[in-house]
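So the structure is just underneath, and the comments pick up after that.
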Amino acid sequence: MLLREALRRAAELLRLGVNYPATVVAPSSISGPGQRHFHTQAERRAAVPKSTKLGSARYLDASYGSALELEHSRDFSFIHDSHYMYTQDQDQASNAEDVMFDMFKNEETGLLHVGKFLAALRTTGLRKNDPRLQELTDNLKKEHIKTGGQEGISHETQKLNREQFKRIITPNIVLISRAFRHQFIIPDFPGFTKHIEDFYWKCKSNTEGKVASYIPQLARMNPDYWGVSLCTIDGQRFSIGDTTVPFTLQSCSKPLSYAIALERLGQEVVHKYVGQEPSGRNFNELVLDHNKKPHNPMINAGAILVCALLKVLVKPEMTLAEKFDFTLNCFRKLAGGENLGFNNAVFLSEREAADRNYALGFYMREHGCYPEKTNLRECMDFYFQCCSIEVNCESMAVIAATLANGGICPITEEKVLKPESVRDVLSLMHSCGMYDYSGQFAFKVGIPAKSGVSGSLLVVIPNVMGICTYSPPLDPLGNSCRGVQFCEELVHEFNFHRYDNLKHATNKRDPRRDKYETKGLSIVNLLFSAASGDVTAMRRHRLSGMDMTLADYDGRTALHLASSEGHLDCVQFLIEQCGVPHCPKDRWGNRPIDEAETFGHTQVVEYLKNHEAKQSEQSADTKDDQVDASGAQASTDNGPPGQKPPSGNSPDSIIDPTSSNPSSSPIP
């Protein structure tokens, strides 16, 4: 009956969009050849008295109760001792080195394989070439040489003992421990990237659109290119497809040059020359707003004017070549030092086919749009140079992540832009970034983005991640067909739309929330790890800072479960490594040793008895030491023989002035 009720509640919660891990199943239901199974119902009925029988869905049912109700239950209070809680980063970091070594070491040799460790680190989203892990890489190479490693053999093949591992990992322990504790913005990164892969393959079959042909060099691009890269604000990275194929920025350079202008000149100066409104017209149309200014920096006229501001007002003493190097270095900082180049062929091709852009330039000069001393030819060349900067999906994803992170590059942690500048850039990307499709894109997708005619799409999910897609075929409005479809798929699955309700949108996933973040599910996973004898999973739980003394609503802890199932290694880990109490009682008064005796696990019984004996001896020795110390203190206080003990104004004789009886006991 209890199982039926639990399954009914699970079905109801799943209908509402609550996701549970695959491991949350009733222990009695696990069976079949080659699978670990727990004690059967018949065995438990025979071994346990009727009054103390537990339902098989006990652990499952615990996950559905409110964590607050469980914690404050009148029938049983959870065992919470701050001594067993790892809440401070420093304590966690110092403990994490040993726990990580135990997680990845070979049980037979006691050594850790570096390649296995780095592969596990990559699953969290961190790459081995991450600039923040440079010290780790350098230390591994030094250790490889120090231990006689041969040249030409990768340092990832070496095996480390505990001391070597701790010495190598210490400089980066905080970042690495955060990764393995799932404390990044996307806790379940492998699960999230599986969805990204699904979206990628779904969009790959989209054969709509045509490659841009008005710039001859762009017309030569392969229409089958399709790549997606993402980078979170914590530096978690993932790429799939043609992500290393170089392409030119084109219109994706517009928000970046606008950001540099805002950073160097400020909002007031920049918007004295260019507006902030969507134009409602084609991106290269000969039109200005009612103030005779370009409508916004995301169309050609506005971008040309922003380049004029950078050329004339920012470091005016620089030559055109120096100004291009200055801008390219700014772009590199946004990309965290990733690959950026310059495509001279595209630059020349674009300048030769630039009649409309030159017409825009002269039209704006006719209406006095430029600052004084503007050389139009140099400004136009500078604009074409910015559009011809060559990047790939991976470097653009880091640029997008820098914008998502408020101007701080996530992989170098360098502050490149002020948050105010980023806010203004994202505001205009949201309202004007997708040419004449901007309104529909803001309505359907609802995240800042900027497209380019090369087929790139720069997508920013503020405070979460940056994404870049690349696919040359464009729709009639100049946006990448696959890129737009990918964004629609992304927002359909996840609550990334700027106006999605994060609390009540049950039909969408929130990858920012850990799928095991509720207390009930934490208890479920801990108890199932103990019941199935999965020591590795228990080490992960401990590394994540979980209280290993957590119990279900019947008061049964992981130690109870490990003892009842006869998993000696789990019992040893809980007592020796986690320091949990060896004799907690459930609500029926049963201790772990009672469980082990009930089901005939003699090794566990013997281990617990030996541990209890040791604890008793240590406790007795401690009491004897305290008695000896108190006796010595008493003889010192009484003074030499024959001398009266002190009285009167001794501290022990001070009377509590708040006491109603002046002769009552003194203040301790």
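Condition check ((1) assigned to a helix (DSSP H, G or I); (2) at pLDDT below 95; (3) over 35 Å from the mean Cα position of the chain (by Cα)) across all residues:
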{"residue": "230", "(1), (2), (3)": "no, no, no"}
{"residue": "243", "(1), (2), (3)": "no, no, no"}
{"residue": "256", "(1), (2), (3)": "yes, no, no"}
{"residue": "275", "(1), (2), (3)": "no, yes, yes"}
{"residue": "292", "(1), (2), (3)": "no, yes, yes"}
{"residue": "295", "(1), (2), (3)": "no, yes, yes"}
{"residue": "318", "(1), (2), (3)": "no, yes, yes"}
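May I ask you to verify whether residue 114 is open to solvent by 80 Å² or more (accessible area, probe 1.4 Å), of a type in the set (Val, Ile, Thr) and at pLDDT 90 or above? Break it down into steps so the answer makes sense when it comes.
Details: open to solvent by 80 Å² or more (accessible area, probe 1.4 Å): no; of a type in the set (Val, Ile, Thr): yes; at pLDDT 90 or above: yes.
So residue 114 fails the test.
Within the range 231-240, if we keep just the residues that are of a type outside the set (S, T, N, Q) and in contact with a helix residue (DSSP H, G or I) (Cβ under 6 Å, 6 or more places away or on another chain), the residue that is surrounded by the fewest Cβ atoms within 10 Å (Cβ to Cβ) turns out to be 240. Going by the conditions given, is residue 426 closer than 24 Å to residue 280 by Cα, touching a helix residue (DSSP H, G or I) at 6+ places or on another chain (Cβ under 8 Å), at pLDDT 95 or above and open to solvent by 10 Å² or more (accessible area, probe 1.4 Å)? Answer is yes for this residue.
Of the residues making up the range 547-564, not a single one is charged (D, E, K, R), out of contact with any helix residue (DSSP H, G or I) (no Cβ under 9 Å at 6 or more places or on another chain) and modelled with pLDDT of 90 or more. Summed over the range 120-148, residues that are part of a helix (DSSP H, G or I) and either touching a Phe, Trp or Tyr at 6+ places or on another chain (Cβ under 9 Å) or touching a residue at least 24 places away in the same chain (Cβ under 8 Å) (or both) total 11. The numbered conditions (1) surrounded by 12 or more Cβ atoms within 10 Å (Cβ to Cβ); (2) at pLDDT below 85; (3) under 30 Å from residue 564 (Cα atoms) are all true for residue 655 except (3). In the range 367-391, the qualifying residues are those that are of a type in the set (Val, Ile, Thr) and not in a loop (DSSP other than H, G, I, E, B), and the one that is surrounded by the most Cβ atoms within 10 Å (Cβ to Cβ) is 391. For the range 420-428, the criterion of being of a type outside the set (Phe, Trp, Tyr), free of Cβ contacts under 8 Å to residues at least 40 places away in the same chain and under 20 Å from residue 329 (Cβ atoms) is satisfied by no residue at all.
Give me a count of the residues in the range 266-281 that are aliphatic (A, V, I, L, M) and buried (at least 19 other Cβ atoms within 10 Å of the Cβ). Break it down into steps so the answer makes sense when it comes.
Taking the range 266-281 first, the residues aliphatic (A, V, I, L, M) are 269-270, 274.
With the extra rule that they be buried (at least 19 other Cβ atoms within 10 Å of the Cβ), the set shrinks to 270, 274.
Qualifying residue count for the region: 2.
Of everything in the range 149-193 that is at pLDDT below 90 and assigned to a helix (DSSP H, G or I), the residue that is surrounded by the fewest Cβ atoms within 10 Å (Cβ to Cβ) is 157. Counting residues in the range 196-218 that are open to solvent by 20 Å² or more (accessible area, probe 1.4 Å), closer than 30 Å to residue 486 by Cα and assigned to a strand (DSSP E or B) gives one or more.
Do the conditions hold for residue 560, that is, is it part of a helix (DSSP H, G or I) and either open to solvent by less than 50 Å² (accessible area, probe 1.4 Å) or more than 30 Å from residue 495 (Cβ to Cβ) (or both)?
Values: part of a helix (DSSP H, G or I): yes; either open to solvent by less than 50 Å² (accessible area, probe 1.4 Å) or more than 30 Å from residue 495 (Cβ to Cβ) (or both): yes.
Against the criterion (part of a helix (DSSP H, G or I) and either open to solvent by less than 50 Å² (accessible area, probe 1.4 Å) or more than 30 Å from residue 495 (Cβ to Cβ) (or both)), residue 560 qualifies.
Within the bounds of the range 366-377, is there any residue that is over 20 Å from residue 479 (Cα atoms) and under 25 Å from the mean Cα position of the chain (by Cα)? Looking through the range 366-377, none of the residues is over 20 Å from residue 479 (Cα atoms) and under 25 Å from the mean Cα position of the chain (by Cα).
Going by the structure shown, is residue 128 open to solvent by 30 Å² or more (accessible area, probe 1.4 Å) and within 29 Å of residue 538 (Cα to Cα)? Before you say what the answer is, go through the steps one by one.
Details: open to solvent by 30 Å² or more (accessible area, probe 1.4 Å): yes; within 29 Å of residue 538 (Cα to Cα): yes.
Here the answer is yes, as residue 128 does meet what is asked.
Confirm whether residue 591 is more than 26 Å from residue 98 (Cβ to Cβ) and crowded, with 19+ Cβ neighbours inside 10 Å.
Details: more than 26 Å from residue 98 (Cβ to Cβ): yes; crowded, with 19+ Cβ neighbours inside 10 Å: yes.
Yes: the conditions hold for residue 591.
For (1) modelled with pLDDT of 95 or more; (2) crowded, with 19+ Cβ neighbours inside 10 Å; (3) on the phi < 0 side of the Ramachandran plot; (4) not in a loop (DSSP other than H, G, I, E, B), each residue gets a yes or a no:
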site: 457; (1), (2), (3), (4): yes, yes, yes, yes
site: 463; (1), (2), (3), (4): yes, no, no, no
site: 468; (1), (2), (3), (4): yes, yes, yes, yes
site: 488; (1), (2), (3), (4): yes, no, yes, yes
site: 497; (1), (2), (3), (4): no, yes, yes, no
site: 502; (1), (2), (3), (4): no, no, yes, no
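Scanning the range 283-322 for residues that are buried (at least 21 other Cβ atoms within 10 Å of the Cβ) and charged (D, E, K, R) turns up 293, 311.
Can you tell me which residue within the range 393-409, out of those that are surrounded by fewer than 24 Cβ atoms within 10 Å (Cβ to Cβ) and not β-branched (Val, Ile, Thr), is nearest to residue 362 (Cα to Cα)?
Per the criteria, the residue is 407.
Considering only residues that are open to solvent by 10 Å² or more (accessible area, probe 1.4 Å) and not basic (Lys, Arg), look in the range 219-228 and name the one that is farthest from the chain's Cα centre (by Cα). Before the answer, list the steps.
To start, the set of residues in the range 219-228 that are open to solvent by 10 Å² or more (accessible area, probe 1.4 Å) comprises 219-225.
Restricting the remaining residues to those that are not basic (Lys, Arg) gives 219, 221-225.
Details: 219: 39, 221: 35, 222: 35, 223: 34, 224: 32, 225: 29 Å.
Filtering the range 219-228 for residues that are open to solvent by 10 Å² or more (accessible area, probe 1.4 Å) and not basic (Lys, Arg), the one farthest from the chain's Cα centre (by Cα) comes out as 219.
The values are calculated or read from the model by the stated rules, or taken from the named source; none is laboratory data. Please read these numbers as outputs of a predicted model, since none were measured by experiment. So basically every Cβ, Gly included, is an ideal-geometry build from the backbone, and we count neighbours across all protein chains shown. To get the accessible areas, we keep the full protein, side chains included, count just its heavy atoms, and leave off ligands, DNA and RNA. Shrake-Rupley method; radii C 1.70, N 1.55, O 1.52, S 1.80 Å.
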